[in-house]
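*Asks:* Provided herewith is a single structure, encoded as structure tokens, for subsequent inquiry.
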Amino acid sequence: MKKIDIYTTPYCPFCKKAKSLLSSKNASFNEIDLSQEPDKFEEMIEKSNGAKTVPQIFIDDKHIGDCDFIHNLDTEGKLDDILGK
């Protein structure tokens, strides 16, 4: 099983959309809620090479991108391969 981390905030509609897509793929993920763990914000920026918006998604510690990017991967038929489906 792939290790999936997603940095989010509770008021972000893009975070909800990205989590919904991952859930629809039956992919379990570790959600890092930056409103509950603000100290993780700098960690997210460093791991994502400077991205400051949420969500930021990582699969097996590889930066995948944001909501639009993960949905584009799904549209292109690439997300299932990345998830190991």
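The values are calculated or read from the model by the stated rules, or taken from the named source; none is laboratory data. Quick caveat, the model's predicted, so the values are computed rather than measured. Cβ atoms come from the backbone with ideal geometry, glycine included; neighbour counts cover every protein chain shown. Protein only, heavy atoms only, side chains kept; ligands, DNA and RNA dropped before computing areas. Shrake-Rupley method; radii C 1.70, N 1.55, O 1.52, S 1.80 Å.
*Asks:* Within region 1-21, does at least one residue satisfy the condition of being polar (S, T, N, Q) and in contact with a Cys (Cβ under 7 Å, 6 or more places away or on another chain)?
*Replies:* Looking for residues that are polar (S, T, N, Q) and in contact with a Cys (Cβ under 7 Å, 6 or more places away or on another chain), one finds at least one in region 1-21, hence yes.
*Asks:* Continuing with this model, one more query. Taking only pairs six or more apart or across chains, which ones have beta-carbon atoms under 9 Å, a first residue in region 12-41 that is within 19 Å of Phe69 (Cα to Cα) and hydroxyl-bearing (Ser, Thr, Tyr), and a second residue that is open to solvent by 80 Å² or more (accessible area, probe 1.4 Å) and not in a strand (DSSP E or B)?
*Replies:* Ser28/Met1
*Asks:* A further question on this structure: Every residue in region 10-42 that is over 21 Å from Leu83 (Cβ atoms) and surrounded by 14 or more Cβ atoms within 10 Å (Cβ to Cβ), please.
*Replies:* Cys12, Asp33, Leu34, Lys40, Phe41
*Asks:* For region 43-85, enumerate the residues that are surrounded by fewer than 19 Cβ atoms within 10 Å (Cβ to Cβ) and aromatic (Phe, Trp, Tyr).
*Replies:* Once the filter is applied, which keeps residues that are surrounded by fewer than 19 Cβ atoms within 10 Å (Cβ to Cβ) and aromatic (Phe, Trp, Tyr), region 43-85 yields only Phe69.
*Asks:* Given Phe29, Phe69, which one is closer than 14 Å to Tyr7 by Cα and among the aromatic types (Phe, Trp, Tyr)?
*Replies:* Phe29
Let's see how each residue does on (1) farther than 17 Å from Cys15 by Cβ; (2) in a loop (DSSP other than H, G, I, E, B):
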position	(1), (2)
Glu42	yes, no
Gly50	yes, yes
Ile57	no, no
Ile64	no, no
Phe69	no, no
Asp74	no, no
Asp81	yes, no
